[in-house]
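Q: Let me give you the structure first, and then I'll get to my questions.
The values are calculated or read from the model by the stated rules, or taken from the named source; none is laboratory data. These figures come from a predicted structure and were not determined experimentally. Glycine also receives a Cβ, built like all others from the backbone with ideal geometry; neighbour counts cover every protein chain displayed.
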Amino acid sequence: MMEKTDKERKINELIEIAKEVREQAYAPYSNFKVGAVLVTKNGKVFTGVNVENASYGLTNCAERTAIFKAVSEGERDFDTLVVIANTDKPVAPCGACRQVMAEFGNFKVILANTKGDWIETTVQELLPYGFDKSDLEK
Ligand code: THU
């Protein structure tokens, strides 16, 4: 078998963190736990989980929790976002999260599942033809 590259090792470490934080998800209604890890360009790490609510529509997804934590700590330059759930295929972020990601540019996104599958994509690939701040300048 081929040796893992440094990049793959780093991704696997982040996936492990996401898997651990996923246990903190507050998902009593869906029982669908999601974990996220966001790494900033200057190397800071922010975690997130989904936080549900009896008023279902107020649920906050794991990805947005991680992004909002980072932004509220003064960080806006993101390198990589990892998201994990117990899905057959690597978990697909919802449309709202894709839009929130796109607000902060085009960074790497790792979609993973708890079985060990993962794919690397980007915000641009997840939300082509997205609406963003440049559209407000006209
Ligand atoms: N959820 C996330 O946290 N991230 C995703 O990428 C998909 C969906 C949450 C929202 C809700 O708490 C549960 O998963 C079921 O939709």
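Q: SER134 versus (1) outside any loop (DSSP other than H, G, I, E, B); (2) small (Gly, Ala, Ser); (3) surrounded by fewer than 15 Cβ atoms within 10 Å (Cβ to Cβ); (4) touching a residue at least 12 places away in the same chain (Cβ under 8 Å): which is the lone unmet condition?
A: (4)
Q: Kindly indicate which of THR65, THR87 is hydroxyl-bearing (Ser, Thr, Tyr), within 15 Å of LEU111 (Cβ to Cβ) and either within 16 Å of the ligand (Cβ to nearest atom) or in a loop (DSSP other than H, G, I, E, B) (or both). First the steps, then the outcome.
A: Numbers: THR65 fails: within 15 Å of LEU111 (Cβ to Cβ).
Every option except THR87 fails the conditions.
Q: Considering every residue within the range 104-111, establish whether at least one is of a type outside the set (D, E, K, R), within 10 Å of the ligand (Cβ to nearest atom), modelled with pLDDT of 95 or more and closer than 16 Å to PHE32 by Cα.
A: Start the filter on the range 104-111 by keeping residues that are of a type outside the set (D, E, K, R), which leaves 104-107, 109-111.
Now narrow it down to the ones that are within 10 Å of the ligand (Cβ to nearest atom): 111.
Among the residues that remain, those that are also modelled with pLDDT of 95 or more are: 111.
Pick out the ones that are also closer than 16 Å to PHE32 by Cα and you get 111.
Yes: one or more hits.
Q: Considering the range 46-69 alone, what residues qualify as being over 12 Å from the mean Cα position of the chain (by Cα) and either of a type in the set (Gly, Ala, Ser) or under 20 Å from GLU120 (Cβ atoms) (or both)?
A: Matches in the range 46-69: ALA54, SER55, GLY57.
Q: Pull out all pairs, ordered by first then second residue, where Cβ-Cβ is under 8 Å, the residues are six or more apart or on different chains, the first lies in the range 75-96 and is closer than 21 Å to GLU16 by Cβ, and the second is of a type in the set (Phe, Trp, Tyr) and more than 12 Å from the ligand (Cβ to nearest atom).
A: Going by the 8 Å Cβ cut-off, the qualifying pairs are PHE78/PHE104; PHE78/PHE107; ASP79/PHE107; THR80/PHE107; LEU81/PHE107; PRO90/TRP118.
Q: I've got another one for you. For the range 1-29, name all the residues that are in contact with a helix residue (DSSP H, G or I) (Cβ under 9 Å, 6 or more places away or on another chain), outside any helix (DSSP H, G or I) and closer than 16 Å to CYS61 by Cα. So that I can check it myself, show each step before the final result.
A: Our first condition is that a residue be in contact with a helix residue (DSSP H, G or I) (Cβ under 9 Å, 6 or more places away or on another chain); within the range 1-29, this holds for 4, 18, 21-22, 25, 29.
Within this subset, residues satisfying the condition of being outside any helix (DSSP H, G or I) are 4, 25, 29.
Of everything in the range 1-29, those that are in contact with a helix residue (DSSP H, G or I) (Cβ under 9 Å, 6 or more places away or on another chain), outside any helix (DSSP H, G or I) and closer than 16 Å to CYS61 by Cα turn out to be ALA25, TYR29.
Q: Pick from the range 8-52 the residues that are touching a residue at least 12 places away in the same chain (Cβ under 8 Å) and among the polar types (S, T, N, Q): which of them is surrounded by the most Cβ atoms within 10 Å (Cβ to Cβ)?
A: ASN50
Q: Quick check: anything in the range 53-68 acidic (Asp, Glu) and either loosely packed, with under 12 Cβ neighbours inside 10 Å or over 19 Å from ALA18 (Cβ atoms) (or both)? Walk me through it before giving the result.
A: Within the range 53-68, the first condition is being acidic (Asp, Glu), and the residues that meet it are 63.
Within this subset, residues satisfying the condition of being either loosely packed, with under 12 Cβ neighbours inside 10 Å or over 19 Å from ALA18 (Cβ atoms) (or both) are none.
No, the conditions are met nowhere in the range 53-68.
Q: Suppose the filter is modelled with pLDDT of 95 or more, within 11 Å of the ligand (Cβ to nearest atom) and surrounded by 14 or more Cβ atoms within 10 Å (Cβ to Cβ); does LEU81 pass it?
A: On the way: modelled with pLDDT of 95 or more: yes; within 11 Å of the ligand (Cβ to nearest atom): yes; surrounded by 14 or more Cβ atoms within 10 Å (Cβ to Cβ): yes.
Criteria met by LEU81.
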